[in-house]
1. Kindly establish whether P155 is more than 19 Å from the chain's Cα centre (by Cα), open to solvent by less than 70 Å² (accessible area, probe 1.4 Å) and closer than 26 Å to L65 by Cβ.
2. Hey, can you tell me all the residues within the stretch 46-66 that are under 18 Å from S185 (Cβ atoms), in a helix (DSSP H, G or I) and of a type in the set (G, A, S)?
3. Kindly indicate which of E437, E445, E450 is assigned to a helix (DSSP H, G or I), under 27 Å from P194 (Cβ atoms), touching a residue at least 24 places away in the same chain (Cβ under 8 Å) and open to solvent by 30 Å² or more (accessible area, probe 1.4 Å).
4. Within the stretch 25-39, take every residue that is under 19 Å from L241 (Cα atoms) and of a type outside the set (V, I, T) and give me the one that is modelled with the lowest pLDDT.
5. Is there any pair with a first residue in the stretch 127-149 that is of a type in the set (D, E, K, R) and part of a helix (DSSP H, G or I) and a second that is surrounded by fewer than 18 Cβ atoms within 10 Å (Cβ to Cβ) and modelled with pLDDT under 85 whose Cβ atoms are under 9 Å apart and which are 6 or more apart or on different chains, and what are they?
6. Report, by residue number, each residue of the stretch 178-216 that is of a type in the set (A, V, I, L, M) and either touching a helix residue (DSSP H, G or I) at 6+ places or on another chain (Cβ under 8 Å) or within 23 Å of S115 (Cα to Cα) (or both).
7. Out of all the residues in the stretch 409-432, which are touching a Phe, Trp or Tyr at 6+ places or on another chain (Cβ under 6 Å) and of a type outside the set (G, A, S)?
8. I'm trying to understand the selection: among the residues of the stretch 218-250, which are within 20 Å of D346 (Cβ to Cβ), of a type in the set (S, T, N, Q) and assigned to a helix (DSSP H, G or I)?
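The values are calculated or read from the model by the stated rules, or taken from the named source; none is laboratory data. If you're wondering where the values come from, they're calculated on a predicted model, not measured in any experiment. Cβ atoms come from the backbone with ideal geometry, glycine included; neighbour counts cover every protein chain shown. Quick note on the areas: whole protein, heavy atoms, side chains included, nothing else; ligands and nucleic acids left out. Shrake-Rupley method; radii C 1.70, N 1.55, O 1.52, S 1.80 Å.
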Amino acid sequence: MFTATSSFTLLFYNQVRGLDAGLVGTALAIGLFVNAFVDPIVGSWSDRTRSRWGRRHPFMFGAILPAAALFYALYNPPDVSEAWQLVWLGLANTLLLQVMTVYHTPHLALGGEMSQDYLGRTSVMAYNTFCLWLGDTIGWLLAFRVIFAATEQFPNGALDPSRYPLFSIVVAALVVLILGYSSWSTMNRIPYLPQPRPEQKGFGPRELLRDVSHALTNRNYVMLLIGLFFLSMMTGIRIGLWLYTATYFWQLDNNQISLFVIGSFSGYLFAALAVKRLHQRFDKRWTGAVALVFYSIGPALPLALGYFGVLSAETPGILWILIAFSVLQHAPYSLMTTTVTSALADIADENELEHGLRQEGVLYATRTFFQRVDQALGTALAGWVLSTIAFPTNAKPGEVSNEVLMALAAAFALSAIPGLIAGVFYGMLRVTRASYETTRSALDERAAAEAAK
C-alpha cells in the first residue's frame, strides 16, 4: 500500500486525471496535518489498552477492512469537476492515512516488544525490514509487469486510466489477506508481551499529554525525531519524483522499470545479512548515521551526472548503470530503517526506567508519522516542484523540453541536502550497547525488588 500510494497517487491525479501538480500536493499535505495529531493518540491509546487480545491486536484487526476500502476509493474518484476531484483526493487520502496509522503504529510497537535483547531487537527488525522489501517488490512487479505492463500505446502503462480499477482491487485484496494473516499469526505472542501495569490509568486526554511529554524529555528520542523529519523530507521528494525521472528523463518503459527489483533485492539482502554484525561492531548510532550519508548521496548521483551531461537516456547500458546505482539506495535505506526501529525499542527501555511506563506505542508513532511524511509531505513537495518547473500535464516521454528535464534532475539531486542534515542528528544519538546494558540492569533490579515485596 505504501509503495502504491507513494509511487502512483501524484502521477494518477496529475498526468492521468489532469489536475495541477501543486494542488494535488496540497490536497495530500492535508492528510499529513491531520495525521500529526492522530499518531500520538493511537500510540498512547494502544499503550494503555487492556483486552484479551492484548494492547496491539484490537487496533490491527480493526484497521484492515477500512484500509482496503479507502485504498480502492482513492484510485476511483467520481466523474466530477476538478475541484471536487481534489476534495475527493483530500478526503480519501486523509482517511487512508489515519486508518493505516491505526494498523501500523501498534504493529511496529508489537515488533519492539518481541525481544528484550540488544541484538535480538536488531534481528526482529531486520526481518521486518526485509519483509518491507518483499511487499515493495510484490507491489512493484504487479504494477509494472502485470497491471501497468507496457503496450505500444502506453509504454508507461500507469498513464492508462483504464487500468486503475483493477490495480486498486488487487492491492486492496492483498491488503486484507496479508494484514489479516500478520495480525492472526502473531496472536500466540500476546501472553508473553508486556501489559499495562496494574496502577496504570486508561487512555484519556491527560494521559495522552503526559505520555507525549514523557517521550519528549528523552534526548535520544528528540534527536531521532529531528533526524526523521529531514530524512522524510528527502525520501518523500524522491519517491514523488522518481517515476517522473524514470519515465521522462531516462525514458524507460515499464518493463525496464520493473527490473529495478534486482538492485533493491541486492541491497536489502546485503543489509539483512550485515546489519546485526554492524550493530555488534559499531553500535546502532554510527551504523545509522553512516548508512544515512550513503543513502543521501547514492541515489542522487545518477541525476547529478545526468544534469552535467555525463549520463543520458542514450548512454549505452544506461538501464544497468541505474540498477547498479539503486543498490546504493536500498542497502543503506534497509540498514537505516532496521537501526531506527531497533533503537526505538532501546529508547522504550530508557523511558520505562525514567517514568515506569512502557511506551512503544507512543515512540513508534514517530516512525509511522514520518513514514506518512515520506508519503504525503514528500509527495506534496514533489508536486510543488513539478508545478514550479512547469512540468506539463498529460506529457509524453521524449516530448518534454530539455530545460524542464534538467530542472527535474537538479531538484532530485538537491534533495540529498536534508538527508545529510538528518545524518548529523543521527550521529548525535547515544543509543549504545553500554547504555542498553546499564538500563536493562536497572530495570531488572527494580523488577526483582518489586517481586520480593
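1. Values: more than 19 Å from the chain's Cα centre (by Cα): yes; open to solvent by less than 70 Å² (accessible area, probe 1.4 Å): yes; closer than 26 Å to L65 by Cβ: no.
Spelling it out, it is not the case that P155 is more than 19 Å from the chain's Cα centre (by Cα), open to solvent by less than 70 Å² (accessible area, probe 1.4 Å) and closer than 26 Å to L65 by Cβ.
2. G62, A63
3. E437
4. The selected residue is L32.
5. Between residues of the stretch 127-149 that are of a type in the set (D, E, K, R) and part of a helix (DSSP H, G or I) and residues that are surrounded by fewer than 18 Cβ atoms within 10 Å (Cβ to Cβ) and modelled with pLDDT under 85, the close pairs are D136/F2; R145/N255.
6. Of everything in the stretch 178-216, those that are of a type in the set (A, V, I, L, M) and either touching a helix residue (DSSP H, G or I) at 6+ places or on another chain (Cβ under 8 Å) or within 23 Å of S115 (Cα to Cα) (or both) turn out to be I178, L179, M187, I190, L193, L208, V212, A215, L216.
7. P418, I421
8. N220 - this is the single residue of the stretch 218-250 that is within 20 Å of D346 (Cβ to Cβ), of a type in the set (S, T, N, Q) and assigned to a helix (DSSP H, G or I).
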